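Visitor: I'd like to ask some things about the structure below.
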Amino acid sequence: MTKVYCYSKCSTCKKALKWLDENKIEHTVIDIREDHPDEKTLRRLYAKSELPLRRFFNTNGQLYREMELSKKLPDMSEDEMFKILASDGMLVKRPLLVTDERVIPGFKEDTWREVL
């Protein structure tokens, strides 16, 4: 089952969901703000992604900037990064695509097409 963590006001999320609909790909939408992944889930998704943990941060987000995470992340342990990511869904890169085989933060049509 394909899941997509999204924020309803995010233009990239809207674009990704439209693409899924146009390509008739069944999916479940999860509101990343209201039902964000907890630390255990994030650890599982990260392991499945085979990507650097930093790719899971929404570096363009207001909260990321307010917390000055660009300055703090280099000195943080992985455990600290997971705790911060799990604290607020707005810190997580979105949309977050989750399939049985892969996890992809962000929307790049070519990448999604390849996976789906």
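The values are calculated or read from the model by the stated rules, or taken from the named source; none is laboratory data. Keep in mind the model is a prediction, meaning the values are calculated, not measured. Cβ coordinates were reconstructed from backbone atoms using ideal geometry, including for glycine residues, and neighbour counts include every protein chain displayed.
Visitor: Evaluate segment 92-109: report whether one residue or more is touching a His at 6+ places or on another chain (Cβ under 9 Å), in a helix (DSSP H, G or I) and within 16 Å of residue 3 (Cα to Cα).
Guide: So far as segment 92-109 goes, no, none of its residues is touching a His at 6+ places or on another chain (Cβ under 9 Å), in a helix (DSSP H, G or I) and within 16 Å of residue 3 (Cα to Cα).
Visitor: Can you find a residue in segment 38-54 that is among the aromatic types (Phe, Trp, Tyr) and more than 17 Å from residue 102 (Cα to Cα)?
Guide: Looking for residues that are among the aromatic types (Phe, Trp, Tyr) and more than 17 Å from residue 102 (Cα to Cα), one finds none in segment 38-54, hence no.
Visitor: Could you list, in sequence order, all residues of segment 30-58 that are part of a strand (DSSP E or B) and surrounded by 15 or more Cβ atoms within 10 Å (Cβ to Cβ)?
Guide: 30, 57
Visitor: Further question on the same structure: Out of all the residues in segment 82-116, which are more than 14 Å from the chain's Cα centre (by Cα), under 21 Å from residue 38 (Cα atoms) and not acidic (Asp, Glu)? Let's see the steps before the verdict.
Guide: So in segment 82-116, the residues more than 14 Å from the chain's Cα centre (by Cα) come out as 83, 100-101, 109-111, 113-116.
Subsequent filtering for residues that are under 21 Å from residue 38 (Cα atoms) retains 83, 100-101.
Listed by number, the list holds a single entry, 83.
Visitor: Still on this structure, please answer the following. Checking residue 50 against (1) at pLDDT below 95; (2) under 13 Å from the mean Cα position of the chain (by Cα); (3) not hydrophobic (A, V, I, L, M, F, W, C), which test does it fail?
Guide: Tallying (1) at pLDDT below 95; (2) under 13 Å from the mean Cα position of the chain (by Cα); (3) not hydrophobic (A, V, I, L, M, F, W, C), residue 50 fails exactly one: (2).
Visitor: Working carefully through the options 39, 26, find the one that is out of contact with any strand residue (DSSP E or B) (no Cβ under 6 Å at 6 or more places or on another chain), over 14 Å from residue 85 (Cα atoms) and among the acidic types (Asp, Glu).
Guide: Residue meeting the stated conditions: 26.
Visitor: Let me ask you something else. Check whether at least one residue in segment 78-94 is in contact with a helix residue (DSSP H, G or I) (Cβ under 9 Å, 6 or more places away or on another chain), closer than 18 Å to residue 17 by Cα and loosely packed, with under 13 Cβ neighbours inside 10 Å, and report yes or no.
Guide: The answer is no, given that none of the residues of segment 78-94 is in contact with a helix residue (DSSP H, G or I) (Cβ under 9 Å, 6 or more places away or on another chain), closer than 18 Å to residue 17 by Cα and loosely packed, with under 13 Cβ neighbours inside 10 Å.
Visitor: If you go through segment 1-33 one residue at a time, how many are of a type outside the set (Val, Ile, Thr), within 14 Å of the chain's Cα centre (by Cα) and more than 20 Å from residue 113 (Cα to Cα)?
Guide: Residues flagged as of a type outside the set (Val, Ile, Thr), within 14 Å of the chain's Cα centre (by Cα) and more than 20 Å from residue 113 (Cα to Cα) within segment 1-33 amount to 5.
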